[in-house]
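**Q** If you scroll down you'll find the structure; I have some questions about it.
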Amino acid sequence: QLQLVESGGASVQSGGSLRLSCALSGTGLYTIGWFRQAPGKEREGIASIVSSGTSTAYADSVKGRFTISRDNAKNMAFLQMNSLKPEDTAVYYCAAGTYYTGHYPEPGEFDYWGQGTQVTVSS
């Protein structure tokens, strides 16, 4: 059973930056996805990275501002978020799955989920 734990969420002002971390415990290499869910909205897939780290995909809403990366030696994944906007406010989740599709992630493609970390961006 794979377990994921996110960290790094905080309250920041518009234009600021945050780096979210996702610690993975368990064996195997998986595609990692980052998702977010704002109050009253559906969970949105924003970035994914293949198990080797050689390919990434982003939703248009974050492209050019967010960067997904991973360190397989440390069983960690990251989401660097720059130029944050109030509309980025949400609970952010990392997830692991078997397949990499090459497009922004969909929740149904992922089997394991973290508990989420809150990001709040004020104007």
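The values are calculated or read from the model by the stated rules, or taken from the named source; none is laboratory data. A quick note: this is a predicted structure, and the numbers were derived from the prediction, not measured. Glycine also receives a Cβ, built like all others from the backbone with ideal geometry; neighbour counts cover every protein chain displayed. Just so you know, the surface numbers come from the protein's heavy atoms only, side chains and all, with ligands and any DNA or RNA stripped out. Shrake-Rupley method; radii C 1.70, N 1.55, O 1.52, S 1.80 Å.
**Q** Determine if segment 13-27 includes at least one residue that is assigned to a loop (DSSP other than H, G, I, E, B) and among the aliphatic types (A, V, I, L, M).
**A** no
**Q** May I ask you to list the residues in segment 101-123 that are out of contact with any Phe, Trp or Tyr (no Cβ under 8 Å at 6 or more places or on another chain) and among the hydroxyl-bearing types (Ser, Thr, Tyr)?
**A** 101, 120, 122, 123
**Q** Look at segment 52-67 and say how many of its residues are surrounded by fewer than 18 Cβ atoms within 10 Å (Cβ to Cβ) and part of a loop (DSSP other than H, G, I, E, B).
**A** Here the count works out to 9.
**Q** Can you report the number of residues in segment 28-49 which are assigned to a loop (DSSP other than H, G, I, E, B) and open to solvent by less than 30 Å² (accessible area, probe 1.4 Å)? Walk me through it before giving the result.
**A** Of segment 28-49, the ones assigned to a loop (DSSP other than H, G, I, E, B) are 28-30, 38-43.
Next, from what is left, pick out any that are open to solvent by less than 30 Å² (accessible area, probe 1.4 Å): 38.
Number of matching residues: 1.
**Q** Then there is this: When the residues of segment 68-94 are filtered to those that are in a strand (DSSP E or B) and aliphatic (A, V, I, L, M), which remaining residue is nearest to residue 16 (Cα to Cα)?
**A** Taking the candidates together, the pick is 81.
**Q** Right, next: Quick test for you: out of 83, 25, 11, pick the one residue that is open to solvent by 40 Å² or more (accessible area, probe 1.4 Å) and in contact with a Gly (Cβ under 8 Å, 6 or more places away or on another chain).
**A** Sole residue among the options that is open to solvent by 40 Å² or more (accessible area, probe 1.4 Å) and in contact with a Gly (Cβ under 8 Å, 6 or more places away or on another chain): 83.
**Q** Taking segment 98-116, which residues are crowded, with 20+ Cβ neighbours inside 10 Å and at pLDDT 95 or above?
**A** Result: 110, 114.
**Q** Sticking with this one: Look at residue 33 and say whether it is at pLDDT below 95 and small (Gly, Ala, Ser).
**A** No: the conditions fail for residue 33.
**Q** While we're looking at this one, here's another question. Test residue 19 against the criterion of being open to solvent by 60 Å² or more (accessible area, probe 1.4 Å), within 17 Å of residue 114 (Cα to Cα) and touching a Pro at 6+ places or on another chain (Cβ under 8 Å), and give yes or no.
**A** Against the criterion (open to solvent by 60 Å² or more (accessible area, probe 1.4 Å), within 17 Å of residue 114 (Cα to Cα) and touching a Pro at 6+ places or on another chain (Cβ under 8 Å)), residue 19 does not qualify.
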